[in-house]
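Take a look at the following structure, please.
Coordinate-derived values only; no laboratory data. Computed from a predicted model, the values in this text were never measured in an experiment. Backbone-built Cβ (ideal geometry, glycine too); neighbour counts: all protein chains shown.
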Amino acid sequence: MEVAVALAILATVVGLFLGTIGATARQRWVNRENAVVAEAVCSLVERMRNEDFADVVRLYNADPFDDPRGPGTAPGNAMRIAGVIPTEDAEAGMSMWITFPITEEPDGIEGTWELREDFVDARLGTPRDLNGDSVIDDLDHASDYAILPMRVDAAWQGRFSQRTFQMQTMLVRYRD
């Protein structure tokens, strides 16, 4: 009887030990994926900070026709992250998207985008005065913004489940 109880306790301990090893291995994969994505998002934000501030919206919005170096030459608002698998429903295999307070077709004209102060998104902290004139209006501020709230979302198919990551930040034009 004592041997049976000892074997049952030993089996329980071994099961817990093996479960811990398995959970640790899974957590290493999740941590690796998170690190790859977080590094990609932070690198993107740093690349954006290195651009001419007046060009950031035109470089990283969804409109390919307003790119500073000619149509279709800018990175755009969606990109792939090397080292992770995009989700099945990801458009064009992209795994990272940038959101600015931009409205599409504000005047009913298809394919037009405007950087707007009256854009409502609590995660971006908008509506917000983007050009520093102390007025929140319904005009396009793509050419005169001084504050640029933005969000970067990432979604990928992890080894064990679908994963997401999000970063909100703000770019600011510093005066000379």
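Using unit Cβ charges (K, R positive; D, E negative) and no other charged atoms, how large, in debye to the nearest 20, is the dipole of the chain about its Cα centre?
On the way: 16 positive and 29 negative charges, 310 e Å.
Its charge dipole is roughly 1480 debye.
Where does the longest stretch of the chain lie that holds no GluC sites (Glu not before Pro) found in a DSSP loop with 14 or fewer other Cβ atoms within 10 Å?
Result, exposed sites excluded: 1-87.
Between the DSSP loop rule and a limit of at most 15 other Cβ atoms within 10 Å, which chymotrypsin sites (Phe, Trp or Tyr not before Pro) in the stretch 134-171 are left?
Details: sites: Tyr145, Trp156, Phe160, Phe165; in loops: Tyr145, Phe160.
Passing sites in the stretch 134-171 are Phe160.
How far apart, in nanometres, would the label points at Ile136 and Val14 be if each is projected 7 angstrom from Cα along the Cα-to-Cβ direction?
If labels sit at Ile136 and Val14, their model points lie 6.5 nm apart.
Which entry in (1) 153; (2) 110; (3) 172 matches volume of the Cα convex hull per residue in Å³ derived from the coordinates of this structure?
So the calculated entry is the one marked (3).
Can you tell me the orientation of helix 2-50 relative to the chain, as the angle in degrees between its alpha-carbon axis and the longest Cα principal axis, to the nearest 10?
The angle comes out at about 10 degrees.
If you don't mind, there's one more thing I want to ask. Counting only residues 5 or more places away or on other chains, whose amide H sits under 5 Å from the amide H of Thr126 once H atoms are built in the peptide plane?
For Thr126, the qualifying residues are Asp121.
While we're on this one: Of the chain, which part is the longest with no trypsin sites (Lys or Arg not before Pro) in a loop (DSSP not H, G, I, E, B) and with at most 12 other C-beta atoms within 10 angstrom?
Numbers: sites that count: Arg69, Arg123, Arg159, Arg175.
Of all site-free stretches, the longest is 1-68.
Based on the Cβ-Cβ distance of Ala146 and Gln27, what FRET efficiency does E = 1/(1 + (r/R0)^6) give at R0 = 41 Å, to the nearest 0.05?
Values: r = 43 Å, r/R0 = 1.04.
With a Förster radius of 41 Å, E is 0.45.
Could you work out [θ]222 nm for the chain from helices alone, using -39500 (n - 2.57) per DSSP H run of at least four and dividing by all its residues? Round to the nearest 500 deg cm²/dmol.
Details: 2 runs with 54 residues, N = 176.
Per the formula, -11000 deg cm²/dmol.
Continuing with the same structure: Full extension from Val5 to Val172: what is 0.36 nm times the residue separation minus their Cα-Cα distance, to one decimal in nm?
Working: separation 167, 0.36 × 167 = 60.12 nm, distance 6.75 nm.
Net length gain for the segment: 53.4 nm.
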